[in-house]
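See structure below.
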Amino acid sequence: MDRDLYSGLVRLHILYHASKEPIYGLGIIEELARHGYRLSPGTLYPILHGLEQKGYLRSREVRAGRRGRREYQATARGRKALVEATDRVRELFGELVGDMAPPKSSTRREAK
């Protein structure tokens, strides 16, 4: 997988989940793995910190037993950016799928 090509999709995926509920490092690594993205903590945490620095996420330390973990949630700015990005992804997806579909005229000829 080309990391440069998919890095924006990973960020959108993170924002999506962080807009639904608080996320944490290991949990989002596992979620992304279910979608075919293999990220190490050394790759994920700089992404999370970058999204936080840009104002898309906010984090807080949460105690979990004897240990703490950092949870991330989408901010209003992050949710707005996600809505805007979703519109652009839909448009791009429509173009990609439309360009991959066979022309209707050739489909009709084959069906005869």
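From the list Glu71, Glu84, Glu91, Glu95, which one is in contact (Cβ under 8 Å) with a residue 40 or more places away in the chain and of a type in the set (Asp, Glu)?
Only one candidate passes the filter, namely Glu71.
Do you know which of the residues in segment 43-76 that are basic (Lys, Arg) and over 23 Å from Tyr6 (Cβ atoms) is nearest to the chain's Cα centre (by Cα)?
Ranking the qualifying residues of segment 43-76, first place goes to Arg58.
Using the structure shown, decide if Gln53 is touching a Pro at 6+ places or on another chain (Cβ under 9 Å), under 25 Å from Asp87 (Cα atoms) and not aliphatic (A, V, I, L, M).
Answer is no for this residue.
Out of the residues in segment 1-41 that are surrounded by fewer than 16 Cβ atoms within 10 Å (Cβ to Cβ) and of a type in the set (Gly, Ala, Ser), state the one that is nearest to Glu84 (Cα to Cα).
Among residues in segment 1-41 that are surrounded by fewer than 16 Cβ atoms within 10 Å (Cβ to Cβ) and of a type in the set (Gly, Ala, Ser), the one nearest to Glu84 (Cα to Cα) is Gly8.
Glu84: within 19 Å of Arg11 (Cβ to Cβ), at pLDDT below 90 and within 21 Å of the chain's Cα centre (by Cα), yes or no?
So Glu84 fails the test.
Do you know which residues across segment 27-58 are out of contact with any helix residue (DSSP H, G or I) (no Cβ under 8 Å at 6 or more places or on another chain) and closer than 13 Å to Glu71 by Cβ?
Matches in segment 27-58: Gly27, Glu52.
With the structure loaded, tell me whether Leu44 is surrounded by 14 or more Cβ atoms within 10 Å (Cβ to Cβ) and without any contact (Cβ under 8 Å) to a residue 24 or more places away in the chain or whether it fails that test.
yes
Looking at segment 5-41 only, could you name the residues that are assigned to a helix (DSSP H, G or I) and of a type in the set (Val, Ile, Thr)?
Answer for segment 5-41, where residues must be assigned to a helix (DSSP H, G or I) and of a type in the set (Val, Ile, Thr): Val10, Ile14, Ile28, Ile29.
Restricting attention to segment 59-72, report how many residues are assigned to a strand (DSSP E or B) and either among the aromatic types (Phe, Trp, Tyr) or over 15 Å from Ile28 (Cβ atoms) (or both).
Looking only at that region, the number is 7.
The values are calculated or read from the model by the stated rules, or taken from the named source; none is laboratory data. What you are looking at is a predicted structure, and each value in this text was computed from that prediction instead of being measured. Quick reminder, even Gly has a Cβ in these numbers, built from the backbone with ideal geometry, and neighbours come from all protein chains shown.
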